[in-house]
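Let me begin by presenting the structure, written as C-alpha cells, before commenting on it.
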Amino acid sequence: MALKLKDITLSHVYEYVNTGKIEDESANTDPAIVEYLDLLDKCRSMHLRIDEFGHKDAIVAHLMKVEKLSRYLASNIYNDAMEYFYADKQISSDAWRNIIAQYMQKNYLLAIQLAKDPKDIGTANKILIDMAKTLRLDQPDPVEVDQKAYTQPFKMYSVDAKFLGIPEINRTDLKNLIDGLPEISEREKLRLHQEANTLPVKLFLDEHEDPRKS
C-alpha cells in the first residue's frame with residue numbers, strides 16, 4: 001500500500017533523497033514523497049519571507065488554508081522543514097553570522113519604512129549597530145600571518161672564515177698587530193683579540209672576563 005502524506009517522516013525523506021527510493025517497494029514511485037519534499041521547501045521559503053510569514057503560526061495557517069492540511073500535519077511539516085534545512089551542525093559560525101545579519105537588515109529596512117519621528121529612526125539605526133556587532137565590524141581585522149612565520153628557522157653559527165666565504169687571515173700576524181697598537185688598554189686589546197678570534201673561543205664568559213662590561 002502506498003504511503004500517505006500523513007505517514008511520511010524525515011526518515012523516509014532522507015532515505016529517498018539519498019537513494020532515490022525507500023524500503024517499501026510499493027512506495028518507490030509514490031508521489032506523496034515528492035509532494036512532502038515540495039511542502040518542506042515551501043515552508044523554508046515562507047520562513048525566509050519574514051515580511052509576510054517569518055514565524056511558525058503564520059506558516060501553519062497558510063498550509064491549512066492553501067494546502068488543506070490539518071493543523072497537526074501542517075505543524076509536523078513545519079517542524080520537519082526546520083530540521084531538514086537548518087539542522088546541519090557543520091555550518092560555520094561566520095555563515096550563521098551572515099544569516100542572522102540578513103534578517104537584521106530586513107528588520108532595519110522595515111523599521112525605517114515604519115519610522116514616524118527621529119526616535120523611530122534612532123531605534124532603526126540601533127539595528128544597524130547590532131548588525132555590525134554581529135558581523136564583528138567593530139573589531140579589527142585579524143592580522144594575516146604567513147605560515148612560514150610559524151616555521152622554526154634553521155640557523156648555523158660558525159667562526160670559520162673559510163666556511164663563511166671570507167678570506168683567511170694569519171691569526172699570529174693579527175694577534176701581533178693588536179698587541180702592538182699604541183695607547184690602547186689591555187682590556188680593549190682583550191676585546192679586539194676576542195672579536196678577531198685570536199684567542200681560544202669561550203662562548204660563555206664570566207662577568208669579570210667580558211671586556212664590554214666595566
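The values are calculated or read from the model by the stated rules, or taken from the named source; none is laboratory data. Treat the numbers as computed from the prediction; the structure is a model and nothing was measured. What goes into the accessible areas is simple: the full protein's heavy atoms, side chains included, and nothing from ligands, DNA or RNA. Shrake-Rupley method; radii C 1.70, N 1.55, O 1.52, S 1.80 Å.
Quick rundown of the values:
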| quantity | calculated |
| --- | --- |
| Members of LYS4/LYS56; LYS65/LYS106; LYS106/LYS148; LYS68/LYS133 lying beyond 31 Å, as alpha-carbon distances in this model show | LYS106/LYS148; LYS68/LYS133 |
| Heavy-atom SASA rank of TYR78, TYR36 (probe 1.4 Å, accessible area, largest first) | TYR78, TYR36 |
| Heavy-atom SASA rank of MET64, MET104 (probe 1.4 Å, accessible area, largest first) | MET64, MET104 |
| Gyration tensor (Cα) of region 39-119, equivalent ellipsoid semi-axes in angstrom | 27, 20, 7 |
